[in-house]
Amino acid sequence: MGTIGGVLVQWSSLVPLATFGPHRDGEFALIDWIRRHVDPHPRLTVGIGDDAAALDLGDEQLALVATDMLVEGVHFLFSEATPEQVGHKALAVNLSDIAAMAGIPVAAVVCLALPRSEGQELGRRLHSGLARLAQQIGVAVAGGDTTSTDGPLVISVTVIGLSPPQGPVLRSGARPGDRLLVTGPLGSSRSGHHLDFHPRLDEARCLLQSGGLHALIDISDGLAADLYHLLDESRVGARVRASDIPMRPVPAGTHDGRTPLDHALCDGEDFELLAAVEPTAAEALLAASPISDLTCIGQITSGTAAELEMPDGRVLPLPRIGYTHPFDPGT
């Protein structure tokens with residue numbers, strides 16, 4: 001348990017990311033280790049540490065590559081989601097990563113580990129949900145691989161996209177004074193939003209066209225955790241105004257002692273975009289943007305401190321909390 005602004009928080013699957021760095025536990029410790037042990041490559045212009053990789057194809061063309069895996073019992077339960085919804089989500093989370101680089105998705109490959117019993121039917125239904133979204137976005141389903149398993153169902157999707165001509169928008173470009181914008185409400189995504197969300201590709205293009213977009217990330221681990229990802233890569237700080245964060249209402253029947261603010265900061269799987277935008281461009285976007293739910297929640301600051309300004313005027317350290325996959329660190 002813990003508190004945000006004096007409110008009791010029951011972490012459940014949320015893990016405090018209090019040791020965000022080379023010694024942190026869980027999936028991020030493994031990612032850090034891999035990042036340190038991967039050799040550079042002349043065609044790899046953006047590697048581990050952003051929402052997608054960027055590969056130099058020559059002739060001033062960059063390909064974007066994003067991949068994500070969904071595992072039954074970890075990312076979804078068939079008691080709460082249909083196979084069509086799982087197929088939709090498997091593609092959508094990757095399209096969200098391409099959006100977070102302001103890219104254009106082109107094609108997807110799909111790998112399935114299906115249970116021996118009912119695997120054929122599950123595979124067809126997963127494809128149906130995935131293919132429907134692919135058709136809406138204009139993405140080709142270009143192939144993949146299948147296998148049978150006695151374990152849980154696994155679906156892994158890789159999306160290939162194209163970078164904008166000026167290059168992908170990275171997590172590392174935020175500058176002091178930039179405004180922090182989010183494209184929609186946050187929190188309580190586990191009530192169903194994470195299964196049927198539409199990736200924010202159009203919103204990313206709108207932000208890019210403003211001419212002042214400096215950094216971008218999609219909110220998959222929670223606002224607090226993903227803001228820290230952006231700040232750490234940009235080597236800057238931030239102040240966030242709690243009263244300005246757009247929040248989904250906590251679903252009726254939820255009795256976990258947590259407020260909408262707790263959910264907005266911690267839950268993850270919102271798949272909205274968090275952008276650092278130059279002040280004048282941000283003001284223009286907020287005044288006349290086709291992104292109906294675009295909201296300014298704070299600004300980038302110098303230094304590395306992240307602060308949360310509460311409605312009563314208190315300024316608290318923004319907690320490093322969010323969704324992560326725990327691992328035994330081993331030896």
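The values are calculated or read from the model by the stated rules, or taken from the named source; none is laboratory data. In this text, all values refer to a predicted model and were calculated from it rather than measured experimentally. Counting neighbours? That spans all protein chains shown, and the Cβs are built from the backbone with ideal geometry, glycine included.
Does at least one position in the stretch 179-189 carry a residue that is closer than 23 Å to residue 317 by Cβ, touching a residue at least 12 places away in the same chain (Cβ under 8 Å), among the basic types (Lys, Arg) and outside any loop (DSSP other than H, G, I, E, B)? Yes, the conditions are met somewhere in the stretch 179-189. All of (1) under 22 Å from residue 102 (Cβ atoms); (2) among the aliphatic types (A, V, I, L, M); (3) assigned to a helix (DSSP H, G or I) hold for residue 215 with one exception: (3). Of note, residue 123 does not satisfy the criterion of being modelled with pLDDT under 95, surrounded by fewer than 22 Cβ atoms within 10 Å (Cβ to Cβ) and within 25 Å of residue 72 (Cα to Cα).
State yes or no: is residue 188 in contact with a Pro (Cβ under 9 Å, 6 or more places away or on another chain), buried (at least 19 other Cβ atoms within 10 Å of the Cβ) and at pLDDT below 95?
The answer is yes for residue 188.
Going residue by residue through the stretch 155-172, is there one that turns out to be assigned to a helix (DSSP H, G or I) and out of contact with any Cys (no Cβ under 7 Å at 6 or more places or on another chain)? Looking for residues that are assigned to a helix (DSSP H, G or I) and out of contact with any Cys (no Cβ under 7 Å at 6 or more places or on another chain), one finds at least one in the stretch 155-172, hence yes.
For (1) at pLDDT below 95; (2) closer than 21 Å to residue 215 by Cα; (3) assigned to a helix (DSSP H, G or I); (4) not assigned by TED's automatic domain parsing to the domain that holds residue 228, each residue gets a yes or a no:
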residue: 252; (1), (2), (3), (4): yes, no, no, no
residue: 292; (1), (2), (3), (4): yes, yes, no, no
residue: 297; (1), (2), (3), (4): no, yes, no, no
residue: 303; (1), (2), (3), (4): yes, yes, no, no
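Of these, 93, 86, which one is β-branched (Val, Ile, Thr) and within 14 Å of residue 137 (Cα to Cα)?
Just a single option satisfies the conditions, and that option is 93.
Checked against (1) at pLDDT below 95; (2) within 19 Å of the chain's Cα centre (by Cα); (3) over 15 Å from residue 94 (Cβ atoms), residue 166 meets all criteria but (2). When the stretch 184-222 is filtered for residues that are among the aliphatic types (A, V, I, L, M), under 27 Å from residue 78 (Cα atoms) and touching a strand residue (DSSP E or B) at 6+ places or on another chain (Cβ under 7 Å), the ones remaining, listed by number, are 186, 219.
Residues checked against (1) surrounded by 23 or more Cβ atoms within 10 Å (Cβ to Cβ); (2) under 24 Å from residue 88 (Cβ atoms); (3) touching a helix residue (DSSP H, G or I) at 6+ places or on another chain (Cβ under 9 Å):
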{"site": "209", "(1), (2), (3)": "no, no, no"}
{"site": "221", "(1), (2), (3)": "yes, yes, yes"}
{"site": "233", "(1), (2), (3)": "no, no, yes"}
{"site": "241", "(1), (2), (3)": "no, no, no"}
{"site": "248", "(1), (2), (3)": "no, yes, yes"}
{"site": "261", "(1), (2), (3)": "no, no, yes"}
